[in-house]
Amino acid sequence: MKTDLFDFELPRALIAQHPANPRHAARLLAVGEGLRDHVMMDLPGLLEPGDILVFNDTRVIPARLTGRRGMAKIEVTLHKSDGGEVTQDSANLDARAPAQWKVFARPARKLRPGERVDFAEDFSAEVMAKGEAGEVTLKFNVEGPELLERLNRHGIMPLPPYIQRGAAGDAHDKSDYQTIFAARDGAVAAPTASLHYTPELLAAIDARGLKRTTLTLHVGAGTFLPVKVEDTRDHKMHSETGIISPETAEIINAAKAAGGRVVAVGTTPLRLLESAASEDGTLKPYAGDTDIFITPGYRFKIVDLLLTNFHLPRSTLFMLVSAFAGLDRMQAAYEHAKAERYRFYSYGDCSLLQRAEH
């Protein structure tokens, strides 16, 4: 499909710079046969007892670093670990954090293989390789828990470029850009659909008789890369590491067998669920990378409903929601959201999408 089909104009004033306070006060647009305006606390009443919500329990690491190659300033954002086998026991990066990472560097043209970038007196990395679009492979001088300790000490939260912050970041973002489910270190972008949940909302979900479980998909910075090709068939999708435990697969399969609907809380659980599901909709345990690229025409195997924020134009995520709910329906929903002053992107409001029947 032509990438231009997924383009739209968005007033900059609608790009949220901070989350709603409290988080469950965010607005919720229900998109189905019609459009209905709600708030997040209405969510339990929009679902049926027995439905199962699937959350992503990844935890964002402070993955943005500033260093020097000699006198030249280099900015680095880690986006994917590059080493170590992914297993059911390695969902937490702390257990396997390798020294080698793929990063986006700026300016990447100043870096050559064999050169060293210094981030602090006890923290440096060697340039191992250079890729395309500013991607560089770095090997740090520490790994495992020591690497995470250095990142926590010297890094800042890797907010997307449309959230305006100073060079030192914002102290509130260390908590604001982390979900209530965050348990397994490894993401360099938040699973933003889960940012709206609070203990009060979870209590209401439980009281409604809804089920919930978690999987792990370590979101990469590649999620923000624009689609630059004219045709979606020519786009190379970034890969991300995900894990679905046997216990989680069993819980979801049991809920489906009992008549419950699978509600993906965000595009990251949806991508992993669809990667791991059989053609008959049965979910299997999973441990590995996924680069699934979902565009209109894709036949969904397991996810029935999708909770997701409002995405960037021409992005793989807007393509995904258009595949799920229908391009015409999503274009109408986004025009409604703009007219009603919904807040867009990572810290913005949410939508509940019904799957279109193709």
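The values are calculated or read from the model by the stated rules, or taken from the named source; none is laboratory data. Model, not experiment: these values are computed from the prediction. Cβ coordinates were reconstructed from backbone atoms using ideal geometry, including for glycine residues, and neighbour counts include every protein chain displayed. Accessible surface is based on the protein model in full, side chains and every heavy atom, while ligands, DNA and RNA are left aside. Shrake-Rupley method; radii C 1.70, N 1.55, O 1.52, S 1.80 Å.
Here the spin labels are modelled as points 7 Å beyond Cα on the Cα-Cβ line, and at ARG12 and GLU230 they lie 3.0 nm apart.
Entry note, the chain: relative contact order of 25 percent, from Cα contacts under 8 Å with a spacing of 6+ residues.
Which parts of segment 290-315 would a label at SER278 reach, counting a residue when its backbone N lies under 14 Å from a point 7 Å out along Cα-to-Cβ? In segment 290-315, the label zone of SER278 (backbone N under 14 Å from the point 7 Å along Cα→Cβ) covers 302. Modelled label positions at SER175 and MET237, each set 7 Å beyond Cα in the direction of Cβ, lie 3.6 nm from each other. Rounded, prolate or oblate: pick one for segment 152-311, where a ≥ b ≥ c are the square roots of the eigenvalues of its C-alpha gyration tensor, a/c under 1.5 means rounded, and failing that, prolate if a/b is larger than b/c, else oblate. It is oblate, given that a/c is not under 1.5 and a/b is not larger than b/c.
Restricting segment 191-256 to GluC sites (Glu not before Pro) that sit in a DSSP loop and have at most 12 other Cβ atoms within 10 Å of their own Cβ leaves GLU230. Bridge orientation summary for segment 187-325: considering DSSP beta bridges with both residues in this region, about 75 percent are antiparallel. When the listed pairs LYS2/LYS236; LYS236/LYS256; LYS73/LYS130; LYS2/LYS228 are checked against a 22 Å cut-off, the alpha-carbon distance exceeds it for LYS236/LYS256. Count Lys and Arg as plus one, Asp and Glu as minus one, and take only other residues whose Cβ is under 13 Å from that of GLY242; the net charge is then -1. Here segment 1-87 exposes an accessible surface that is 49 percent carbon and sulfur, computed with a 1.4 Å probe and the other protein chains kept in place. Note on the chain: with charges restricted to the Cβ of Lys and Arg (+1) and Asp and Glu (-1), its dipole about the Cα centre is near 860 debye.
In the full protein context, the chain carries 43 Å² of accessible surface per residue, based on a 1.4 Å probe and ignoring ligands, DNA and RNA. The slack between GLU126 and LYS110, meaning 0.36 nm per residue of separation minus the straight C-alpha distance, is 4.4 nm.
The angle separating the long axis of helix 316-325 from the principal Cα axis of greatest extent in the chain is about 10 degrees. I'd like the distance separating the alpha-carbon centroids of segment 29-78 and segment 247-313, in whole Å. Centre-to-centre (Cα) distance: 16 Å. Roughly how many percent of the accessible protein surface of segment 226-353 is carbon and sulfur, given a 1.4 Å probe and a whole-percent answer? Here it works out to 49 percent. Distance between the 7 Å Cα→Cβ label points at ASP289 and ARG68: 3.4 nm.
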